[in-house]
Amino acid sequence: STLAASAKVPVKSGSVSSVVLLDAKGQGITLRTLTDAAGAAQTPIGSVPAGGGGTAPRPGHPDLAWLWAVGAGVLAAGGALAFGRRRATAA
């Protein structure tokens, strides 16, 4: 039939709590409170170290990044020239 339960739930400022409904021993139901998270005892000073995201430096030597770009450009240009010469020779 109908079941009911009530409880005083103390919730502290700066905390996260859950109220859980459980079977009681014997018959009925009971409520339990759980503290999921509590605020810091001391307020942090400064910013949170959350990483650099897309602006974070990549592993390796940063001064050589231009060398990869130049090398890719040279390979692309060489491939285009070789392809153009083959077409001209075939015609």
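Placing pseudo-labels 7 Å out from each Cα toward the beta carbon at K8 and V20 gives an inter-label distance of 2.3 nm. With each label modelled as a point 7 angstrom along the Cα→C-beta vector, the A69-A41 pair spans 5.1 nm.
Bear in mind that the values in this text are calculations on the coordinates, not laboratory data. Here the structure is a predicted model, which means the values were calculated and not measured. Reconstructed Cβ throughout: ideal geometry from the backbone, glycine too, with neighbour counts over all protein chains shown.
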